[in-house]
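Worksheet: the structure to be examined is printed underneath.
Read the figures in this text as sums done on the coordinates, not as results from a lab. Nothing here was measured: the structure is a model prediction, and the numbers come from that model. Methodologically, a virtual Cβ is constructed for each residue, glycine included, from the backbone with ideal geometry; neighbour enumeration extends over all protein chains shown.
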Amino acid sequence: MDDLNAFLEPGMLVTHPERPDWGLGQVQSNIGGKITVNFREAGKVVIDGSRVMLMPASE
């Protein structure tokens, strides 16, 4: 399966399309399709990049 989030790098801001209540998140790492994101409202979450397409965001 393709990694839809391969372009994401640490420091980038993203949102989770299915969890807008999590707020803005900052990418911590992106290793082997597992993206660790620190969301304002949900804290640190590990996302499976092959299943969820995170959306780049701006402040």
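Here is the list for the chain: chymotrypsin sites (Phe, Trp or Tyr not before Pro) lying in DSSP coil, each with at most 16 other C-beta atoms within 10 angstrom of its C-beta, are F7.
Of the trypsin sites (Lys or Arg not before Pro) found in the chain, those in coil by DSSP whose Cβ has at most 12 other Cβ atoms within 10 Å are R40, R51.
Between K44 and S58, the contour length at 0.36 nm per residue exceeds the alpha carbon distance by 3.1 nm.
Pairs of Cα atoms under 8 Å, at least six residues apart: use those to get the relative contact order of the chain, whole percent.
Relative contact order comes out at 37 percent.
Considering the stretch 13-56 at the alpha-carbon level, its Rg and Dmax are found to be 9.1, 26 Å. Sequentially through the stretch 37-44, phi angles give Karplus couplings (6.51, -1.76, 1.60; θ = phi - 60°) of 10, 9, 8, 4, 9, 10, x, 7 Hz, Gly and Pro residues having no value and appearing as x. A Cβ-based charge dipole, computed about the Cα centre of the chain with Lys and Arg at +1 and Asp and Glu at -1, lands at about 160 debye. Close amide-amide hydrogen proximity is noted between K34 and G49, each under 5 Å apart and 5 or more residues distant or on a separate chain (H modeled in the peptide plane; Pro and chain starts excluded).
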